[in-house]
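Everything below concerns the one structure shown next.
Values in this text are rule-based calculations from the coordinates and carry no lab data. Just so it is clear, the model here is predicted, and its values are computed rather than measured. Here Cβ is always computed from backbone atoms with ideal geometry, including for glycine, and neighbour counts include all displayed protein chains.
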Amino acid sequence: MGALDEEHFNKEIENGVELDCLDLGFEDQPETVAIEDAVKVLLQGLGEDINREGLKKTPLRVAKALREGTKGYKQKAKDIVQSALFPEVGLDDAVGHAGGAGGLVIVRDLDLFSYCESCLLPFQVKCQIGYVPSGQRVVGLSKLSRVADVFAKRLQDPQRLADEICSALHLGIKPAGVAVILQCSHIHFPNIEPPFLDSNRQGWVKALVHSGSGVFENDFADVWDDFLSLLKFRGVNVDKTLMKDSKQQCWCPSQYSSSAEVTGQPSTGMVTAVTSILISLGENPLRKELAGTPTHFVKWLMNFQNANLETKLNGFACARMDPLKQNGEAGHDKRMYTELNLSFCSQCEHHLLPFYGVVHIGYYAEEITPVIKSRLQSIVRFYGFKLQVQERLTRQIAETASSLLGGDVVVVVEANHTCMISRGIEKFGSSTATIAVLGLFSTDPAARAKFLQNIPNPASGGSGF
């Protein structure tokens with residue numbers, strides 16, 4: 001119903017290049033070509049075939065994502081603010097603050113992303129902005145978000161990002177004061193050696209930073225209490241005691257990751273390639289904050305080099321549990337077993353951006369041994385630490401688990417893709433689920449339903465920090 005016919009659809013796709021907000025001729029621009037060439041060097045350094053079907057367009061996709069994600073270098077916050085200042089009177093003959101003369105204005109829960117200047121990986125930002133108008137004028141509310149996005153679309157550190165947003169708004173609006181709070185989340189660098197992802201290293205590195213000007217310059221000013229109370233009113237809990245030490249927080253995990261012990265020293269050619277990417281984005285690779293960035297990014301990538309994983313997995317197939325039959329029927333003595341929430345981290349081969357999540361595995365067996373869970377976790381990690389797509393990852397885990405457990409296997413992979421938030425549609429909070437069913441699970445809806453009902457709901461994530 002209402003579907004486009006094929007000819008019209010193809011025409012839409014061909015013309016769709018213009019929807020991307022990048023300049024026409026983007027692919028031929030020197031900066032794009034330089035990034036593409038650098039990405040090819042990185043892929044070859046990982047042992048990949050750059051002519052492989054899934055990688056042919058990866059250099060262009062990466063160039064597009066990086067240039068789109070750093071377009072803030074070419075934007076001026078001053079122009080955004082000055083085009084949206086409006087007169088607004090304050091109180092008439094009354095004691096107090098309101099309107100364009102002292103009434104606190106807050107825009108809450110702005111979702112942003114930025115690229116970490118230390119490792120070139122995207123990090124997520126929840127931004128809270130408040131300002132106190134003065135001079136009987138206010139700024140269009142959408143401009144607060146746009147100014148924040150200008151500075152987020154650059155290589156950044158959380159504290160500098162907060163300071164730049166605050167300073168730009170103060171200079172542009174000329175208010176009595178501006179307050180900015182950022183709640184930032186950065187993915188951990190993985191550890192590919194057993195026990196793989198230590199329970200203390202799963203998830204995210206988080207940082208809470210703030211910046212204030214004018215009446216907010218003093219962290220203990222009463223106006224901060226008003227600001228934080230209005231955030232809490234909508235479920236955003238920011239502990240003021242944590243804000244005091246926010247500027248001393250250790251941020252990027254590349255600064256203390258042990259992955260180099262596993263991957264070894266990165267090749268000079270790959271490091272040089274990343275340096276050329278920085279230049280193409282308009283950055284100065286000699287800036288002190290970027291001195292280690294090329295090395296850090298290459299060390300991250302080397303976690304996903306194209307190793308001969310099949311050799312490492314041979315032992316699992318040989319250790320298959322007996323007596324398990326691959327006949328698509330569960331025997332009378334078999335029962336369903338599940339291994340849930342097996343964590344993984346992988347790298348999208350289309351954009352060279354991380355995706356991460358959990359794997360759930362169900363299978364029928366007469367009995368299980370204590371080593372099964374560790375073997376399944378190993379299978380998940382082995383296939384995760386490659387350039388991947390989620391559909392292939394799901395299939396590979398299912399096929400290898402089947403060789404270990406027998407033919408009756410179901411695998412569900414739930415993942416968050418940073419390419420979904422740091423480029424294009426920027427769908428914050430989205431997640432992807434894929435499923436593979438083998439043997440009995442492919443023919444018995446009741447068995448599938450029973451397994452799927454066992455998958456736990458993800459822990460509810462609050463806004464607190």
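Pop out the ³J(HN,Hα) list for the stretch 435-443 in order, Karplus 6.51 cos²θ - 1.76 cosθ + 1.60 with θ = phi - 60°, rounded to Hz; leave Gly and Pro as x.
Listing the rounded values in order: 9, 10, 10, 10, x, 4, 5, 7, 10 Hz.
If R0 is 51 Å, what FRET efficiency do you get for LYS74 and ASP222 from their C-beta distance, rounded to 0.05? Don't skip to the answer; put the middle values down first.
Details: r = 40 Å, r/R0 = 0.78.
Using R0 = 51 Å, I get an efficiency of 0.80.
Just name one of PHE382, THR400, VAL411: the one whose Cα is farthest towards the positive end of the charge dipole of the stretch 350-420 (beta-carbon charges, Lys/Arg +1, Asp/Glu -1).
Checking the options against the dipole of the stretch 350-420, the answer is PHE382.
Could you derive backbone 3J(HN,Hα) for the stretch 138-155 from the dihedral phi with the Karplus parameters 6.51, -1.76 and 1.60 (θ = phi - 60°), listing whole Hz in sequence and x where the residue is Gly or Pro?
Using θ = phi - 60°, the values come out as 10, 10, x, 4, 5, 6, 4, 5, 5, 5, 4, 5, 4, 7, 5, 7, 8, 5 Hz.
Take the Cβ-Cβ distance between ARG146 and ASP444 as r, set R0 to 45 Å, and report the resulting FRET efficiency rounded to the nearest 0.05.
Values: r = 53 Å, r/R0 = 1.18.
Efficiency computed from Cβ-Cβ geometry: 0.25.
Compute the length gained on full extension between ALA291 and SER185: take 0.36 nm times their separation in residues and subtract their Cα-Cα distance, giving the result in nm to one decimal.
Details: separation 106, 0.36 × 106 = 38.16 nm, distance 2.24 nm.
The span from ALA291 to SER185 would gain 35.9 nm if fully extended.
Rounded to the nearest 0.05, what FRET efficiency is calculated for LEU85 and ASN284 with R0 set to 35 Å and r the Cβ-Cβ distance? Mind dumping the intermediate values first?
Working: r = 33 Å, r/R0 = 0.94.
Efficiency, rounded to the nearest 0.05: 0.60.
Given H placed 1.01 Å from N in the peptide plane, which residues other than close sequence neighbours of GLY103 have an amide H under 5 Å from its amide H?
ALA98
Run the quick spin-label model on ARG392 and THR338: label points 7 Å from Cα toward the beta carbon, then report their separation in nm to one decimal.
Each label point lies 7 Å from its Cα, and together they span 3.0 nm.
What distance in nm separates the two pseudo spin-label positions at GLN305 and THR268, each 7 Å out from Cα along the beta-carbon direction?
Placing both labels 7 Å along Cα→Cβ, they lie 1.7 nm apart.
Please turn the phi angles of the stretch 158-169 into ³J(HN,Hα) values with the Karplus equation 6.51 cos²θ - 1.76 cosθ + 1.60 (θ = phi - 60°), one per residue in order, whole Hz, x for glycine and proline.
Each residue's phi maps through the Karplus curve to give x, 5, 5, 4, 4, 5, 5, 4, 4, 5, 5, 5 Hz.
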